[in-house]
Amino acid sequence: MKGSFAVRVLFRCVVLAFLVYAMLLTWWTPFTGDSFMHSVFGAQHRLSFWPVLERCWWSYLNWNPRLGEFLAIFTATAGKWLFCLVNPFVVLSLALMMFYLARGRRVRPGDWRDVLLFTVGGLLLLTSSSRPGITMFWLSGGTNYAWAATVWLGFLCLYRGLWAGSSRIQDRPFSWFWIGAAGFAAGMTNENQVPASLGMLFLFWLYARWNGRSLPRWFFAGWAAHAIGGACLLLAPGNTARLHSETAGGAAVLQSWGERFGSIPELLNAFYEFMRLPKVLLAVAALALVLLAWRQGRRVWSGTEGRRVSASLLFILVAHAMAVSFFVRVVPAWHAMFSATVLMMTGVLGLYGVWMDRVPRPWVPACILAAAGGLALWVCAGYLDAFPRIHRQCEERRAFIRHELAQGKRNIVVPPYESVSLAPYVSVMWRMCSGDPDEFINSSVARYLGIESIRVDVCGDRVPQSWRCFKGSGERD
């Protein structure tokens with residue numbers, strides 16, 4: 001029943017479960033790889049403002065000028081405790097922003113349609129976004145992708161409210177300032193996000209001009225600041241160096257236009273890697289909305305519903321454009337598709353919101369969403385099985401490293417990890433897995449520990465005896 005007390009209680013339970021789930025997966029995801037690299041530069045494992053700021057400036061000039069990189073340096077230097085406190089609320093904010101962009105307003109806790117749409121959107125975020133284990137729950141990945149996407153989507157929400165007529169922002173100098181600051185920060189998030197948002201704002205401006213609609217001055221203040229932030233990102237010396245380099249576990253530089261156009265199918269395949277369920281939902285919603293328009297006439301999409309459908313289709317098209325845009329320079333690591341997949345799912349949710357509001361029998365789209373949510377929930381249950389096993393192996397390895405350090409060893413060889421199901425969803429690619437002590441992750445961990453070298457015993461030539469002794473003493477203890 002709409003506006004019922006039971007639905008309000010259900011919404012609060014969903015939010016609480018979402019936070020607990022995000023907290024558990026954040027805690028179980030190992031602190032490793034780039035996290036070690038981010039934590040050792042400048043501040044000696046403690047949060048110290050100026051050394052960290054100097055490291056951020058070095059990164060802007062030499063390697064990674066994105067806002068997420070600066071957040072990663074600050075957060076990793078403070079320690080994983082800060083990430084564990086903040087990250088669950090960031091993930092929840094992502095789900096809430098997806099709903100806001102889809103519906104043009106906030107969730108109404110007493111409306112069962114809103115609660116269902118928000119719940120399914122949150123489950124899709126946790127299971128269908130690009131490599132969620134890497135992009136949301138691993139410290140360096142979460143700050144670079146999920147946190148940056150939250151800033152970007154938050155900026156878009158300002159304009160989505162204006163498009164929907166639900167914005168309450170007053171057009172005054174203070175608004176110009178804070179919206180400009182938000183726009184500049186959003187412009188510093190990621191290379192493929194900035195052109196997308198600038199293009200969407202341009203289309204909004206054209207629509208307003210066509211309909212003779214006056215726009216507030218904060219619209220242009222945010223738009224201009226966003227363009228300036230994007231220029232600071234795209235023209236940064238570090239960005240030039242990064243786009244011309246092969247990165248660990250990441251980008252492959254495209255040299256010729258033949259290679260670039262030939263990479264488009266590969267980029268689309270990466271975009272759809274975790275999008276099986278949203279693709280099916282999109283096909284069903286598109287067919288249903290076409291049939292609805294055929295039966296009731298074009299007038300069914302006039303007014304508010306028409307704007308909502310237009311916004312949803314725009315998000316879906318822009319998401320595909322964001323995925324393909326990498327062909328200009330690099331084929332990136334697949335987790336770089338994160339913001340594009342989130343925008344795609346937002347568009348799908350928007351279509352379902354319109355469908356449930358306009359169809360005579362709203363239980364039909366509700367049942368489809370519930371079935372999709374059930375499948376996503378089943379995948380989430382798999383995470384709850386896989387992540388603790390990853391965590392246990394990491395804790396065993398960490399205890400073994402402490403044991404070796406206590407013995408005064410400066411060159412440490414550690415055992416390899418056992419395989420874990422659902423591995424692509426977990427940040428296994430950033431855990432130590434190389435036998436080369438000079439490999440990027442190994443050298444970062446060695447510097448973090450203050451030793452000469454550390455590597456993985458990929459051939460089984462040194463570790464087994466010391467590892468068995470360590471495991472045996474642990475079992476006796």
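The values are calculated or read from the model by the stated rules, or taken from the named source; none is laboratory data. Quick caveat, the model's predicted, so the values are computed rather than measured. Please note: Cβ atoms are built from the backbone with ideal geometry, for glycine as well, and neighbour counts cover all protein chains shown.
Assorted remarks:
- Pick from region 234-247, criterion outside any helix (DSSP H, G or I) and surrounded by 15 or more Cβ atoms within 10 Å (Cβ to Cβ), ranking: modelled with the lowest pLDDT: Thr247
- Flag if Met337 is in contact with a Ser or Thr (Cβ under 7 Å, 6 or more places away or on another chain), buried (at least 24 other Cβ atoms within 10 Å of the Cβ) and closer than 30 Å to Ala293 by Cα: no
- Between Ala231, Ala227, Ala270, Ala221, the distinction of being over 24 Å from the mean Cα position of the chain (by Cα), modelled with pLDDT of 80 or more and of a type in the set (Gly, Ala, Ser) belongs to Ala221 only.
- Subset of region 361-381 (residues that are farther than 23 Å from Arg105 by Cβ and not aliphatic (A, V, I, L, M)): Arg361, Cys367, Gly374, Trp378, Cys380
- Residue satisfying all of: in region 273-284; in contact with a Ser or Thr (Cβ under 9 Å, 6 or more places away or on another chain) and within 17 Å of Met98 (Cβ to Cβ); modelled with the lowest pLDDT among these: Phe274
- Answer from Ser93, Ser128 - the residue that is at pLDDT 90 or above, closer than 30 Å to Arg168 by Cβ and in contact with a helix residue (DSSP H, G or I) (Cβ under 9 Å, 6 or more places away or on another chain): Ser93
- Residue in region 66-74 that is farther than 19 Å from Leu153 by Cα, modelled with pLDDT under 95 and over 14 Å from the mean Cα position of the chain (by Cα) present: yes
- Where a residue in region 352-372 is over 19 Å from Lys279 (Cβ atoms) and its partner, wherever it lies, is not charged (D, E, K, R) and not in a helix (DSSP H, G or I), with Cβ under 8 Å and at least six apart: Met356/Pro362
- Residue match in region 132-149 (condition: farther than 18 Å from Leu25 by Cβ and touching a residue at least 40 places away in the same chain (Cβ under 8 Å)): yes
- Where a residue in region 444-463 is assigned by TED's automatic domain parsing to the domain that holds Lys409 and small (Gly, Ala, Ser) and its partner, wherever it lies, is outside any strand (DSSP E or B) and modelled with pLDDT under 80, with Cβ under 6 Å and at least six apart: Ser444/Phe36; Ser444/Met37
- Count of region 347-368 residues which are more than 25 Å from the chain's Cα centre (by Cα) and assigned to a helix (DSSP H, G or I): 11
- Enumeration of residues in region 294-326 that are surrounded by 19 or more Cβ atoms within 10 Å (Cβ to Cβ) and modelled with pLDDT of 80 or more: Arg308, Val309, Ala311, Ser312, Phe315, Ile316, Val318, Ala319, Met322, Ala323, Phe326
- Residues within region 164-202 that are in a loop (DSSP other than H, G, I, E, B) and either aliphatic (A, V, I, L, M) or farther than 19 Å from Glu69 by Cβ (or both), tallied: 9
- Condition met for Phe31 (surrounded by 13 or more Cβ atoms within 10 Å (Cβ to Cβ), modelled with pLDDT under 85, assigned to a helix (DSSP H, G or I) and in the same structural domain as Cys84 (by TED's automatic domain parsing)): no
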